[in-house]
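Below: the structure, in structure tokens.
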Amino acid sequence: MSFPLLSPLLGQDGYPTAARKTVSRSNQRKERPSSLPRTPMRERDPSERTGDFEEVSLGYSEEEAVREASRCLQCRKRPCVAGCPVEVDIPAFIRLIREGEHAAAAAKIKEKNNLPAICGRVCPQENQCEAECTLGKKGEPVAIGRLERFAADWEATHKGGVSPDLPPPTGKRIAVVGSGPAGLTCAGDLARMGHQVTVFEALNAPGGVLVYGIPEFRLPKSIVKREVEYVQSLGVRILLDHVIGCTLTLQDLMRDGYEAVFIGIGAGLPVFMGIPGENLNGVYSANEYLTRSNLMKAYLFPDYDTPIKRGKRVAVIGGGNVALDSARTALRLGAEEVSIVYRRSRAEMPARAEEIAHAEEEGIQFRFLTLPVRILEKDGWVRGMVCQRMELGEPDESGRRRPIPVEGSEFEMEVDLVIVAIGTRANPLLPSTVPGLRLNRWGYIEVDPETGRTSLPNVFAGGDIVTGSATVIEAMGAGKKAARAIHRMLTGEEALI
Ligand code: FAD
Ligand code: SF4
């Protein structure tokens, strides 16, 4: 396996060449390790990785992790911790890695975070803990996410799953609806407080977006399985194929003796553009396309013969992580040309910078300031797309510059598969069956932001179904807050985790 992207940066010993120069100078000037450049993470070569679905990023070796951990200043004010919605004691776990105490580092993270290997892979750390890191003020922040991933993977490889001691059972039964990051966090924390928790999941696999949305090459299913099993090892029971609002209602759960319910059902209902031709064969929502590839295992062809259109020339509409995941999936499923079609410019793209860079390396084309206006048909199938060029005007309510159509700029793109990734919204299936559950005007559940408490007694909610599409760690933060509030409500005591 070669790493051409990194090879200019790495010496024969795998040590960054720039860093080695700094070290040898630092030996003379006694420079601190914090002045070393951030340790790069090895990645698979783009030409190799687009031929399969295996993970792109390879994680740190032990030596790389210790080196990166040595950059941490161990700041007394610990600003990075305030940037973590689940309050991981970041300096403490980094110090343990630096000291070679990797199992203790993993245990330290798991005091607050039930899903560390997942967060280490997909959290937008650049906007969270790493955005607050003192080192980032003048240079590059400590690679907190990569270190978190290292500790979690090291523990799994060297120690197997390690579960904490649990307190005596409280006898309280709690239902969690949805097994995404919000539900898994709430369930895991409540179990660690001694409660008996059952998770009801509509799909045939637990994990929510982690398993049906985010592709294998960014987040392997084996990692999700491992961390779901950790939550189960805390005593959490997960019932699959249970659609609450259909198989059972929320009222049924209360009647069955659950003393509190947490709703973490995400916001997975796709949004379409409403343009002519959107109902043709060969147009998918990103949600359906990724579900067919991930959950229904089209990515494991030929072991699984899942029906999915394998386009040759693919257009993915949108500029977020979901659009990039769809585009990179299409490439791996055999497309010859894949374009991201986005109505604003690169500067407004909501996707993570790292994922945009990965997509570019893999040959995904970007058509910025372009808006599809019509999808063209041949024999009931997509044959092309008419687009209009845009220019940017004043900022809109989102703070991003508003795209304005340029008159007479229409042009045609030849495509045979269109994937619409312009967002999702709340699915009304469960809320519509719960009288008195207060929703906002977009259909998201209204809660007290400090506790996740809804308008109904003993019913809490958190994650995307409250905020709209957000991030894994924000959903987890909401699950944690609700778990603490439920514990306080049921026992009158403050939670210790
Ligand atoms: P979800 O993960 O959506 O989980 C909700 C669960 O509830 C699902 O399993 C669903 O089946 C279940 N459910 C729904 N209705 C019912 C019902 N009535 N009864 C029972 N169960 C029900 N965020 C990041 O931080 N980093 C990323 O890189 C990133 N990439 C993404 C890529 C894709 C393709 C997508 C779609 C999202 C991505 N996100 C990313 C966003 C992130 O995944 C979500 O913000 C997060 O998963 C929300 O968690 P949740 O627990 O609220 O909901
Ligand atoms: Fe270390 Fe950065 Fe946190 Fe300071 S802010 S303790 S340098 S990770």
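How big is D, in µm² s⁻¹, for segment 59-117 by Stokes-Einstein at 10 °C and 1.306 mPa s if Rh is the Kirkwood radius over C-alpha pairs?
It comes out at roughly 136 µm²/s.
Answer with one residue from Val373, Asn281, Val209: the one whose Cα lies farthest towards the positive end of the charge dipole of the chain, charges on Cβ with Lys, Arg +1 and Asp, Glu -1.
So the residue we want is Val209.
In the chain, with Lys and Arg counted as +1 and Asp and Glu as -1 at Cβ, which of these residues, Ala495, Gly257, Ala156, has the Cα nearest the positive end of the dipole, that is, farthest along it?
Value computed over the given set: Ala495.
Within straight cross-link reach of Lys312, meaning Cα distance under 17 Å, which lysines are found once same-chain residues fewer than 8 apart are removed?
In chain and number order, the partners are Lys378.
What percent antiparallel are the DSSP beta bridges of the chain, to the nearest 5?
Details: 21 of 53 bridges.
If we restrict to bridges inside the chain, about 40 percent are antiparallel.
With +1 on the Cβ of every Lys and Arg and -1 on the Cβ of every Asp and Glu, and nothing else charged, how large is the dipole of segment 278-370 about its Cα centre, in debye rounded to the nearest 20? Don't skip to the end; give the middle numbers.
Numbers: 13 positive and 13 negative charges, 49 e Å.
With Lys and Arg at +1 and Asp and Glu at -1, about 240 debye.
In whole percent, and with a 1.4 Å probe on the protein chains, what portion of the accessible area of segment 160-227 is carbon and sulfur? Write out the running numbers ahead of the final one.
Numbers: 1240 of 2120 Å².
In segment 160-227, the share of accessible area belonging to carbon and sulfur is 58 percent.
If each of Leu300 and Arg42 carries a label point 7 Å out from its Cα toward its Cβ, how far apart are those two points in nm?
Spacing of the two 7 Å Cα→Cβ label points: 2.7 nm.
Apply 1/(1 + (r/R0)^6) to the Cβ-Cβ distance of Leu496 and Arg402, taking R0 = 60 Å, and write down the FRET efficiency to the nearest 0.05. Mind showing how you got there, number by number?
Numbers: r = 48 Å, r/R0 = 0.80.
Between Leu496 and Arg402 the formula returns 0.80.
Which value, in debye to the nearest 20, gives the size of the charge dipole of segment 154-245 about its Cα centre, when Lys and Arg are +1 and Asp and Glu are -1 at the Cβ? Please report the intermediate quantities before stating the final value.
On the way: 9 positive and 8 negative charges, 16 e Å.
That gives a dipole near 80 debye.
For each pair in Lys159/Lys480; Lys77/Lys159; Lys138/Lys480; Lys77/Lys138; Lys159/Lys481; Lys110/Lys480, compute the distance between the two Cα atoms and list the pairs where it is over 23 Å. Present the calculation step by step, with values, prior to reporting the outcome.
On the way: Lys159/Lys480 26 Å; Lys77/Lys159 32 Å; Lys138/Lys480 33 Å; Lys77/Lys138 17 Å; Lys159/Lys481 30 Å; Lys110/Lys480 13 Å.
Violating the 23 Å Cα-Cα cut-off are Lys159/Lys480; Lys77/Lys159; Lys138/Lys480; Lys159/Lys481.
Taking all protein chains in place and a 1.4 Å probe, what share, in percent, of the accessible surface of segment 27-120 do carbon and sulfur account for? Could the numbers behind the result be given before it?
Working: 1920 of 4060 Å².
Carbon-and-sulfur percentage of accessible area, whole number: 47.
Mind checking the per residue accessible area of the chain for me, 1.4 Å probe, whole number of Å²? Could you put the intermediate results ahead of the total?
Details: 21940 Å² over 497 residues.
With the other protein chains kept in place, the chain gives 44 Å² per residue.
What whole-number volume per residue, in cubic angstrom, does the convex hull of the C-alpha atoms of the chain give? Mind showing how you got there, number by number?
Values: hull volume 82.1 nm³, N = 497.
Taking only Cα atoms, the chain has a hull volume of 165 Å³ per residue.
If the reach is capped at under 19 angstrom between alpha carbons, list the lysines near Lys221, excluding any in the same chain fewer than eight residues apart.
Lys297
Taking all protein chains together and a probe of 1.4 Å, list Glu99, Glu201, Glu126 from the most accessible to the least accessible.
These residues rank, largest area first, as Glu99, Glu126, Glu201.
Please report the spacing between the Cα centers of segment 369-392 and segment 285-317 in Å, no decimals.
Comparing the Cα centres of segment 369-392 and segment 285-317, I get a distance of 21 Å.
Testing the spin-label approximation: label points 7 Å from Cα along Cα→Cβ at Ser34 and Cys75. State their distance in nm.
Taking the simple label geometry, Ser34 and Cys75 are separated by 0.9 nm.
For segment 123-150 and segment 48-65, what is the separation of their Cα centres, given in Å?
19
For the chain, give the magnitude of the charge dipole about the Cα centre (Cβ charges: +1 Lys/Arg, -1 Asp/Glu; no others), in debye to the nearest 20. Don't skip to the end; give the middle numbers.
Working: 63 positive and 65 negative charges, 252 e Å.
Dipole magnitude for the chain comes out near 1200 debye.
In nm, to one decimal, how far is the modelled label at Val271 from the one at Ala92, with both set 7 Å along Cα→Cβ?
It is 4.0 nm.
The values are calculated or read from the model by the stated rules, or taken from the named source; none is laboratory data. Since the structure is predicted, the reported quantities are computational estimates derived from the model, not experimental observations. Positions of Cβ are generated from backbone atoms using ideal geometry, with glycine treated the same way; all protein chains shown enter the neighbour counts. SASA here: full protein model, heavy atoms, side chains in, ligands and nucleic acids out. Shrake-Rupley method; radii C 1.70, N 1.55, O 1.52, S 1.80 Å.
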